[in-house]
Every structure is written in structure tokens, then in C-alpha cells.
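Engineer: Here it is, the structure in full.
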Amino acid sequence: MSAGLGSPGRLPASFTTPGTSSFTDFLTQVAPELLPGRRTLPAGMNADLAPHATTIVAISTDEGVVMAGDRRATMGNLIASRDIEKVHPADPYSLIGIAGTAGVGIELMRLFQVELQHYEKIEGAMLSLDGKANRLATMIRQNLGAAMQGLAVIPLFAGFDLDAKTPGKVGRIFSFDIAGGLYEEHGGYDAIGSGSLFAKSSLKKRYKRGLGITEAAQLAVEALFDAADDDTATGGPDVIRKIFPVVMTATAEGTQRLTDEETAAMAENVIAARALQPGA
Amino acid sequence: MAMQFYASPEQIMRDRSEYARKGIARGRSVVVLTYAGGVLFVAENLSTTLHKVSEIYDKIGFAAVGRYNEFENLRNAGVRMADLRGYSYDRRDVTGRALASAYAQTLGSIFSEQGKPYEVEICVAEVGSAPEHDELYRLTYDGSVQDEPGFMAMGGQAEAIGNILRAEHSVSHTLGEALKLAVKALSSVGGEGGAARTLAPEQLEVAVLERARPGRKFRRVIGAALTALVAPAKADPPKAEEPQAEPAKPGVSKPAATTKPDVPKPETPSAQ
């Protein structure tokens, strides 16, 4: 297998060659088979072969950002997982959520986490938030071939910007397209995945500037509820199995995941309010 | 005609050893010791950016003395190896022992195959779930590796420093006690005529592998937290045992980093 895994001799030269602080670049040299974009796929569309992860929303506030994701993964008309976790900390100050082919997305996210930590350890300093977003865009770009054959993955990236000059501009959200395009969302919120249309419509009416982190988290849970209401691939709060959305925040204190009790309470607030006014 | 002089292999190795030892002995020293809450690294280092002590992985720290370019090279290799293993298998599968053995192989072959040996001495430390599971490995220029008993000193006059540690080291020490012992040991040598010196906090590079910390356990102790810890125990402020986290780059709305409460780095991200 790849060099350096249990090899008894001296570390290969690629380990000691100075120059790159990127883990992906390093993998390209020593173990290219571990990179997601390096696999040859048989021709044809493979979209329904693997589970799909669905809706993620992110909201920025004056204190930082909130990101929330539902818990469903689907495979065609089947529910592949009821409790998948699609929102993760990328590093101590940023969050990543994935939509699209779950397997590729999770692999990409793991690689991205190692990439950021690797850079931090080698360089002794963290990448800037823009640097992290650019790095992620490069990784998405490398998946373009697979994306065109149905294994597309789109992340949502958001974080607390340690270098922000203006207060209130600390929470930033970046979205991507499958070709690796990187777009900063200045509107204060964004959503990706199959239910994103409904989640964004929900946020469009309810989002306002100057929200607190907790209010934003509540809003995110509500947006996911709206997405689940109209999109079959997005899972709503599951009160029977006690499965609620994953809600994470990134603020000056770092990233934090809201406890199950907190998200349960938020989901129950939404359910109680909707019970009075269900809509059609 | 030029004469080809014969030098015996023993002579060549002796010369290389002597060369490496001299290089290492010129540098300032580093002390690594275990304490109740984990593993403590203390280096005498005036630079705040060129580190002698650094993080390799979740539970693994690295300390070195000698030539900067050489040990920095080994440190990078260690980070790469650890990240590659952790990415291929699992974060728990990255061990200090495997890293120490890779370093030993590497240093050993450099020593025997290259014209010039690396003038470095390295410590690979891994913090365990309990003090008896902490591991310290000493790696020398020729690739030999030793498992050290809870404390070690490297660099110039390591022997004298090690003797003080041997006499006073205890795994039940608090961080403050362990740090004071390390500073005492480091400052016991190098003064005028072999007398003790005084080391200011600015001359120290201090880091810990904190057992209780979730995820990445490596943390630098800097600024006011360090000053409070090395200060002579007068009032013995209780917060001295709870040093602040390495202040992140100050955000816009944040107060001065040194007055910030201890904010641990969030748990290391892990994917499904």
C-alpha cells in the first residue's frame, strides 16, 4: 500500500522534502489512491447507486455563524439513513456541511479536515478563512469528472473570520458549484441540497440582520422543517426516535455543537407553532 | 601519486558521533517531563516563532534540540506520517511508538549512509489515559531510541539537568510544580562559573499535552498564563493550575487574549 504505513525502513524522501504544507499535495505524491478525485469510473450515470445527503442551511450573525443539517440520506425513493450527520467542524473556527453523494461528501470532508489541521501543524498558523474556502473549492474541482457521472457533491462552508476588520462581518458563508466555483454569500444566509429551495424561501421571510446565535439556530431549525415539509428527501424532526437536526455554531469561542436537548427544544417550538397554523 | 589513507569503520563512526554530539551540546536545552495532568515540554528558546516544541498529532508532541533545519525536517516528516496514518486508518491508530520507530530508522540510516549525521536529539511524547500510560522516547543522532522514565533532558549539559529532574520528579506534580521543577533544572546550569541563572518567562517555550482535553491535546502555554505559572509561589493563585488556552488570533470583538477564559479548542472534528 502507500508508503509510510508500516514500512520498516527509513521514511521515504517525500516525507522529508520541504516545500508543501498541503496534505492533499502530499497524498498526490505518496498515496494518490487515497484521493477522491483520482478514481476512474465506468461510463454512464451512477446517480442512484449511492445514498444522497440532503439539506443544509447556514445563517450568519454578528457573533459568528450557525449551520444546521437534517438527518436523512436517501437512495432513490428509499431512506438510506435516518441519523446521518452532515454538518461537521472543519477546524476550530469553521464548519462544513455536505449535500450530494454522501460517501464522496464524507470522504471529501475528512480530507478537508486533515488538510486544514495539517497546514496548521506544519506552518504553525491557521489558514485564513478565504484560504480555507479556496482550498475546498480546489478539492470540489477535482471531483468534477465523478460529478458529471452522477456522484456530485456540493459543500457549504461557513466560519468565524479571525481576521475580520469590521464587527458584524465575522460570520461568513461560502457556497460552491460542482465545477469548483466559489461564491461568498453576502445576504446573511444560504442553503444547499434538495430542500434548499424551500429552506431559502423560509429564511427569506424570517431572516433579519442583528440576530443572536440562538435565534439564528432556531431559525435554521425552522427552515429545515419547511424544507422537510415540502421535500421528501429532507427529514423532519423525528419525535418518535428522538432524532433532531444537527446544529453547530462557529464563534469567537470556536465551534460548538448544540446538544440534542437544545435542538429537540427548538424542533418542538417549531412543531408547536405549526400545529396552530399548519398551512397547506 | 596521492596516497589513499585507510580509516577504520570504527574511527569513521566515532568521528561522526563526536561531530554530532558537539553540535547538539552547543544548543540550549529542552526538558520533557510527565505530571499528573499530562506531559510538559519546556525549552529554553528566545524565539516565539521558531519552535523547538510542537504538535505532531492528537496525543503526540515533539521536542528537539540541535540544528533547526534538520529537526524541522524531521518534524514535518512526523506530521505527514501521522496525518497519513490517521487519514488511512483512524485517529486512534496514530501512536508515538510507531513515530519513534520511523524516526529511529531515518536517523539511523542518515547516520550510517550520509557523510554528515544529523546534529539533533528528539523527544517524541505521547500522553496516555493515565499517568502510567504516558510515553517518552528519546531519539539520538545515530538512530538509537530509548524509552525514558517520565522525564528527560536534551541539549547542552543534559546530564546535570537530568540529575535534578531525577531527584525531584514526581508524576503527582501539578502543572505549576512540574514547570517550576523544569525551570529550576534548566537554570541550574550555564551561569557564571557553573552557577545557577534566572530564566525569565520570555526565554521559555512551554507547551503541554493535556490528558483531560478532548481531541487535540497539545497546547502552548504563553503570555500571562505562563508568567503566572512560573512566578514564585507566594499567593499561589488557584487559577495558576488552569492556564489559559493559547490565545487565538484576536477576533474583532474579543477582549485582550490573555484575559480570556480558558476556551479549549473544540473537539477534533471527526467524520462519520
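Engineer: Within the range A:1-107, considering only strands (runs of 3 or more DSSP E) that don't extend past its boundaries, which have at least 2 residues that are more than 10 Å from chain B (Cβ to nearest Cβ) and at positive phi?
Structural biologist: Result: empty, no element qualifies.
Engineer: Any idea which of (1) out of contact with any strand residue (DSSP E or B) (no Cβ under 6 Å at 6 or more places or on another chain); (2) in contact (Cβ under 8 Å) with a residue 40 or more places away in the chain is the one residue A:29 doesn't satisfy?
Structural biologist: (2)
Engineer: Within the range A:123-140, is even one residue in contact with a helix residue (DSSP H, G or I) (Cβ under 8 Å, 6 or more places away or on another chain), free of Cβ contacts under 8 Å to residues at least 40 places away in the same chain and in a loop (DSSP other than H, G, I, E, B)?
Structural biologist: Checked the range A:123-140: at least one residue is in contact with a helix residue (DSSP H, G or I) (Cβ under 8 Å, 6 or more places away or on another chain), free of Cβ contacts under 8 Å to residues at least 40 places away in the same chain and in a loop (DSSP other than H, G, I, E, B).
Engineer: Take the range B:14-40 and flag every residue that is open to solvent by 30 Å² or more (accessible area, probe 1.4 Å), among the hydrophobic types (A, V, I, L, M, F, W, C) and at pLDDT 90 or above.
Structural biologist: Answer for the range B:14-40, where residues must be open to solvent by 30 Å² or more (accessible area, probe 1.4 Å), among the hydrophobic types (A, V, I, L, M, F, W, C) and at pLDDT 90 or above: just B:36.
Engineer: Scan the range A:166-177 for residues that are in contact (Cβ under 8 Å) with a residue 60 or more places away in the chain and either more than 14 Å from the chain's Cα centre (by Cα) or in a loop (DSSP other than H, G, I, E, B) (or both) and jot them down.
Structural biologist: Within the range A:166-177, A:167, A:168, A:170, A:171 meet the criteria.
Engineer: For the range B:54-91, what are the residues that are of a type in the set (A, V, I, L, M) and within 11 Å of chain A (Cβ to nearest Cβ)?
Structural biologist: B:56, B:60, B:74, B:77, B:79, B:81, B:82, B:84
Engineer: Moving to a separate point now. Having 3 or more residues that are within 20 Å of residue B:59 (Cβ to Cβ) is the bar; report the strands (runs of 3 or more DSSP E) wholly within the range B:121-231 that clear it.
Structural biologist: So the answer is B:135-139, B:145-148, B:204-210, B:218-221.
Engineer: I'd like the residue in the range A:34-70 that is of a type in the set (Val, Ile, Thr) and open to solvent by less than 10 Å² (accessible area, probe 1.4 Å) and, out of all such residues, is nearest to residue A:87 (Cα to Cα).
Structural biologist: My answer is A:56.
Engineer: Could you run through the range B:174-221 and say how many residues are among the β-branched types (Val, Ile, Thr) and open to solvent by 30 Å² or more (accessible area, probe 1.4 Å)? Lay out the reasoning, then the answer.
Structural biologist: We begin by selecting, within the range B:174-221, every residue among the β-branched types (Val, Ile, Thr); these are B:174, B:183, B:189, B:198, B:206, B:208, B:221.
Keeping just the survivors that are open to solvent by 30 Å² or more (accessible area, probe 1.4 Å) gives B:174, B:198.
So the count comes out to 2.
Engineer: Next question. Residues in the range A:199-207: is at least one of a type in the set (A, V, I, L, M, F, W, C), open to solvent by less than 30 Å² (accessible area, probe 1.4 Å), at pLDDT 95 or above and in a helix (DSSP H, G or I)? If you could, list the steps in order and put the result at the bottom.
Structural biologist: Narrowing the range A:199-207 to residues of a type in the set (A, V, I, L, M, F, W, C): A:199, A:203.
Keeping just the survivors that are open to solvent by less than 30 Å² (accessible area, probe 1.4 Å) gives A:199, A:203.
Add one more test, that the residue is at pLDDT 95 or above, and what stays is A:199, A:203.
In the following step, the residues that additionally are in a helix (DSSP H, G or I) were identified as A:199, A:203.
Scanning the range A:199-207, I find at least one residue that is of a type in the set (A, V, I, L, M, F, W, C), open to solvent by less than 30 Å² (accessible area, probe 1.4 Å), at pLDDT 95 or above and in a helix (DSSP H, G or I), so the answer is yes.
Engineer: Further question on the same structure: Quickly run through the range B:41-53 and pick out the residues that are more than 14 Å from chain A (Cβ to nearest Cβ) and surrounded by fewer than 24 Cβ atoms within 10 Å (Cβ to Cβ).
Structural biologist: The answer is B:44, B:46.
The values are calculated or read from the model by the stated rules, or taken from the named source; none is laboratory data. Predicted model only: the values in this text are computed from it and were never measured. All Cβ positions, even for glycine, are placed from backbone atoms using ideal geometry, and neighbour counts span all protein chains on display. Keep in mind that these areas ignore ligands, DNA and RNA; they rest on the heavy atoms of the full protein, side chains included. Shrake-Rupley method; radii C 1.70, N 1.55, O 1.52, S 1.80 Å.
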